[in-house]
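One structure is given below, encoded as structure tokens.
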Amino acid sequence: MMSRWFFILSLLFLAGCLVGRRSEEAVLWPNGVEICRQRSEIRIPARVMIRSGWLEQAVCTPQTRVHESVFAIQADPHQLHAALLLLGSFPGKPGLPPHLDHPAVAPDGPIVQIFMEHSQAVIRLQDLILDDRTGEGLQGDFVFAGSKWVQWQGVQRYLADDEGSVVGLVTFGDELLAYSEPMSGSVSLDRPTFRPNADLLPPPGTEVTLRFTVSPEPEA
């Protein structure tokens, strides 16, 4: 419970830091996180991990799912979660993995546009990942699912921090940001589907910037 309250108090402190600045100024947080309220965007340094093989993640943290993810970021997932909150976005909920005879359930949440910036090129994350069923880029969206809190040895923990699931493709139920189409991680239910677009990705190890843009909510 203490770590949960510490997380909430940290959000309040960071929100106070933003209020004291002009909206057009970028606000810098640890690990290179840069927030621009005027443009409703967050910029985070990242490193390219792989350009071949099958993917279950689009973005992870180091020493977690780097063998199955396009990018890794040093920033903690809860930092990105907090930044999205401060831009006025509110999470939905992660999808549910398949269980017995029930298929995976899609995640819910507001759409977040994600782009890679590198060498003056700006490319949508959907175009950097191929759907093996069509041979083309992804047609779905990425949504702010928000991961979840779990109880572990008497302590509340933010699951995406532990699992490294920053932007998920396969539905595991721990994703901070999730692909809108539900997909099982079991090959007995869904065959491997996602792979990197090597034609658009720079070599592994290349430093890039990921840009997360909050989409405006439609008017009622």
Residue pairs qualifying under the 8 Å Cβ cut-off, at least six apart or on distinct chains, with the first in segment 144-158 being more than 24 Å from Gln113 (Cα to Cα) and the second being polar (S, T, N, Q), are Trp149/Gln156; Val150/Gln156; Val155/Ser3; Gln156/Ser3; Arg157/Ser3; Arg157/Gln151
Taking segment 135-165 and keeping only residues that are more than 22 Å from Pro196 (Cα to Cα), out of contact with any helix residue (DSSP H, G or I) (no Cβ under 7 Å at 6 or more places or on another chain) and exposed (fewer than 13 other Cβ atoms within 10 Å of the Cβ), one is left with Gln151, Trp152, Gln153, Gly154
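Here is a yes/no grid of residues against (1) modelled with pLDDT of 95 or more; (2) of a type in the set (Gly, Ala, Ser); (3) more than 17 Å from Met183 (Cα to Cα):
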position	(1), (2), (3)
Phe71	yes, no, yes
Ala82	yes, yes, yes
Pro103	no, no, no
Gln126	yes, no, no
Leu138	yes, no, no
Val166	yes, no, no
In the list Pro45, Pro97, which residue meets the criterion of being farther than 21 Å from Ile123 by Cβ and either modelled with pLDDT under 95 or surrounded by 15 or more Cβ atoms within 10 Å (Cβ to Cβ) (or both)?
Pro97
Is there any pair linking a residue in segment 209-220 that is at pLDDT 65 or above to one that is of a type in the set (A, V, I, L, M) and exposed (fewer than 11 other Cβ atoms within 10 Å of the Cβ), with Cβ under 9 Å and at least six apart or on different chains, and which?
Arg211/Val122
Residue satisfying all of: in segment 140-157; among the aromatic types (Phe, Trp, Tyr) and over 20 Å from Gly88 (Cα atoms); modelled with the lowest pLDDT among these:
Trp152
The residue that is farthest from the chain's Cα centre (by Cα), considering only those in segment 47-74 that are assigned to a strand (DSSP E or B) and under 12 Å from Ile129 (Cβ atoms), is Leu55
Does Ala83 fit the bill of being in a helix (DSSP H, G or I), among the small types (Gly, Ala, Ser) and touching a residue at least 24 places away in the same chain (Cβ under 8 Å)?
yes
Quick one: would you say Leu86 is within 16 Å of Leu55 (Cβ to Cβ) and among the aliphatic types (A, V, I, L, M)?
no
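The values are calculated or read from the model by the stated rules, or taken from the named source; none is laboratory data. Here the structure is a predicted model, which is why all the values come from computation and not from measurement. Virtual Cβ from ideal backbone geometry, glycine too; neighbours counted across all protein chains shown.
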